[in-house]
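Scroll down for the structure; my scribbles are underneath it.
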Amino acid sequence: MAFSLFNRNPREVLTSAEKEQIVEAIRQAESRTSGEIRVYIESHNKYVDPVDRAAEVFFKLKMDHTVDRNAVLLYVAVKDRQLAIFGDEGIYQRTGKAYWDDLVKKILGHFNQKHFATGISEYIHQIGEGLHHYFPFDRATDQNELPDDIVFGS
């Protein structure tokens, strides 16, 4: 799916405060679930379909190694104006395609208004709610399986 965004280096799309806002949104969402959320931002998608690139990044980041297979990646190709959400089989089987399509539409609304960090943070909150419903946090067994930082490609 396409959206209007800035023609800048992916690291420059977000201010320091916006980066921290997104990382904090990840931490808050993950505090209620055993699920894992990552954000990957790069300039160009080397494939035609952003979902194909998101899948490649997902596996490269070893997001399929979570115990419950409940990790989710938000992929953004800034200059190509592309967005994809890729969830591991554990969460995707429980939520279904319509859930993800609805989230993408909501995020695109923020992006089209150039509310980039807000769109990502809102997505993280909503996916965190879905993860909480299907994979609630268990203080005795849960551990942070993946880093909470934003990953920037080239």
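Does residue 104 meet the test of being over 19 Å from residue 32 (Cβ atoms), open to solvent by 50 Å² or more (accessible area, probe 1.4 Å) and aliphatic (A, V, I, L, M)?
no
Scanning region 130-154 for residues that are over 20 Å from residue 23 (Cβ atoms) and not in a loop (DSSP other than H, G, I, E, B), which turns out modelled with the highest pLDDT?
136
Looking at region 43-65, which of its residues are in contact with a helix residue (DSSP H, G or I) (Cβ under 8 Å, 6 or more places away or on another chain) and modelled with pLDDT under 95?
Across region 43-65, the qualifying residues are 43, 45, 46, 47.
Is it true that some residue in region 94-116 is modelled with pLDDT of 85 or more, out of contact with any strand residue (DSSP E or B) (no Cβ under 8 Å at 6 or more places or on another chain) and not aliphatic (A, V, I, L, M)?
There is at least one residue in region 94-116 that is modelled with pLDDT of 85 or more, out of contact with any strand residue (DSSP E or B) (no Cβ under 8 Å at 6 or more places or on another chain) and not aliphatic (A, V, I, L, M).
Of the residues in region 49-59, how many are out of contact with any Phe, Trp or Tyr (no Cβ under 9 Å at 6 or more places or on another chain) and under 18 Å from residue 150 (Cα atoms)?
Going through region 49-59 one residue at a time, the tally reaches 1.
Please go through region 27-50 and pick out each residue that is farther than 16 Å from residue 88 by Cβ and not hydroxyl-bearing (Ser, Thr, Tyr). Write out each step before concluding.
Residues of region 27-50 farther than 16 Å from residue 88 by Cβ: 27-28, 31-32, 41-50.
The answer is 27, 28, 32, 41, 42, 44, 45, 46, 48, 49, 50.
Can we say residue 127 is closer than 25 Å to residue 46 by Cα, surrounded by 17 or more Cβ atoms within 10 Å (Cβ to Cβ) and of a type in the set (A, V, I, L, M, F, W, C)?
Numbers: closer than 25 Å to residue 46 by Cα: no; surrounded by 17 or more Cβ atoms within 10 Å (Cβ to Cβ): yes; of a type in the set (A, V, I, L, M, F, W, C): yes.
Considered against the rule, which asks whether it is closer than 25 Å to residue 46 by Cα, surrounded by 17 or more Cβ atoms within 10 Å (Cβ to Cβ) and of a type in the set (A, V, I, L, M, F, W, C), residue 127 comes out as no.
Of the conditions (1) among the small types (Gly, Ala, Ser); (2) assigned to a helix (DSSP H, G or I); (3) open to solvent by 70 Å² or more (accessible area, probe 1.4 Å); (4) within 25 Å of residue 11 (Cα to Cα), residue 109 clears all except one; give me its number.
Residue 109 satisfies every listed condition except (3).
The values are calculated or read from the model by the stated rules, or taken from the named source; none is laboratory data. Here the structure is a predicted model, which means the values were calculated and not measured. No Cβ is skipped: glycine too gets one built from the backbone with ideal geometry, and neighbour counts run over all protein chains shown. The accessibility values were calculated without ligands, DNA or RNA, using every heavy atom of the protein model including side chains. Shrake-Rupley method; radii C 1.70, N 1.55, O 1.52, S 1.80 Å.
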